[in-house]
Amino acid sequence: MRIGIIHNNEADSLRVFRDLKPLLKKKGGIEIVERDPELVISIGGDGTLLSAFHRYSHQLDRIRFLGVHTGHLGFYTDWRDYELPELVDSLCNDNKNSVNYPLLDVIVNFSDGKSQHFLALNESTIRKGTRTMVCDVYIKDELFERFRGDGLAMSTPTGSTAHNKSVGGAVVHPSINAMQLAEIASLNNRVFRTLGSPSILGPDDWVEIKVKSAGQHLVTIDQLDISGQDIASIQYRIATEKIQFAAYRHMHFWRRVKEAFIRED
């Protein structure tokens, strides 16, 4: 098995990386590589796994991911830093099973006619600094509403527990092939109206946000930022690609939600 390892530079993550490498090398049939891995092990938190995802997003059809967390429990990490021997034993008994999560397909269009294409594991947002953002929201090429407010967030099911949840969005199980559009501090009064609640869209839907306010806007795709360019519109749909997590010991989603938001230590 060809294994790639991505880690952050925190002391605990570096320690786990140093401990994991010799354990893997002792096992036959495992090769640690940087290019064309079959399995990518992320050591750190969810941010580290997001970085690993974007690094290998062009190879999703042949790569599985696995997360080792070195802090508190993360949404994308199934193993803890003190479980390395058990992890390596699981790798040696690989059954090739995986758990798939939906992704977001994002196309950012600029005023000069150019565009950029991205995949998002968590979410994408658009904002306009300290000024009110104005944009038209189209669903399936039909005008749905004119939005005025701080911004809009489009999330995947796994990303529904992040920024989406903080602005009142629903938590969506990743077995549901959907994306969710949530408003960030919308203006709603007798003059300006929006739906005022999150919208969950299916695999046959697509959304285009056409910018109407002047000046610079900030677009995020997971931890990536796009600013300093004239953004004309953003197109969202559920991606045909999916991320695959190795299912050696995959924690089910609602347990992750409980661990993150409900359980008291």
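The table below gives the values:
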read-out	value
Between the range 115-147 and the range 184-230, the Cα center-to-center distance that results, in Å	3 Å
Residues Glu83, Glu208 arranged by fewest to most Cβ contacts within 10 Å	Glu83, Glu208
Dipole in debye (nearest 20) - the chain, about Cα centre, beta carbon charges: Lys, Arg +1; Asp, Glu -1	160 debye
Around Leu119: net Lys/Arg minus Asp/Glu count, Cβ-Cβ under 14 Å	-2
Pair Glu259, Asn95: separation of 7 Å Cα→Cβ label points (nm)	2.0 nm
Gain in span if fully extended, Leu187 to Ala214, counting 0.36 nm per residue against the direct Cα distance	8.0 nm
Inter-probe distance in nm under a simple model that places probes 7 Å from Cα toward Cβ, at Ile139 and Ser197	1.2 nm
Calculated diffusion of the chain, Stokes-Einstein form, Kirkwood radius summed over Cα pairs, 25 °C and 0.890 mPa s, µm²/s	125 µm²/s
Geometric extent, Cα atoms of the range 1-157 - Rg, Dmax (angstrom)	19.7, 60
The chain: most fluctuating residue of Gly228, Gly169, Gly74 per GNM, C-alpha cutoff 10 Å	Gly228
Candidates Ala162, Ala178, Ala214: whichever shows maximal mean-square fluctuation once the chain is modelled as a Gaussian network with Cα springs under 10 Å	Ala214
The range 102-241 - Rg over Rh from alpha carbon coordinates, Kirkwood radius	0.93
Cross-link partners of Lys25 among aspartates and glutamates (Cα-Cα below 14 Å; sequence separation of 8 or more within a chain)	Asp89
Most fluctuating residue given options Pro85, Pro198, Pro22, as computed from a GNM of the chain linking Cα atoms under 10 Å	Pro22
Estimated distance in nm for a label pair at Leu224 and Glu31, the labels positioned 7 Å out from Cα along Cα-to-Cβ	2.9 nm
Rg to Rh, two decimals, where the range 152-229 supplies the alpha carbon set and Rh follows Kirkwood	0.98
Listed residue (Val191, Ile139, Gln229) projecting farthest to the positive dipole end of the chain, Cβ model	Val191
Beta bridge orientation in the chain: antiparallel %, DSSP, nearest 5	75 percent
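Read the figures in this text as sums done on the coordinates, not as results from a lab. Source: prediction; values computed, not measured. All Cβ positions, glycine included, derive from the backbone under ideal geometry; neighbour counts span all protein chains shown.
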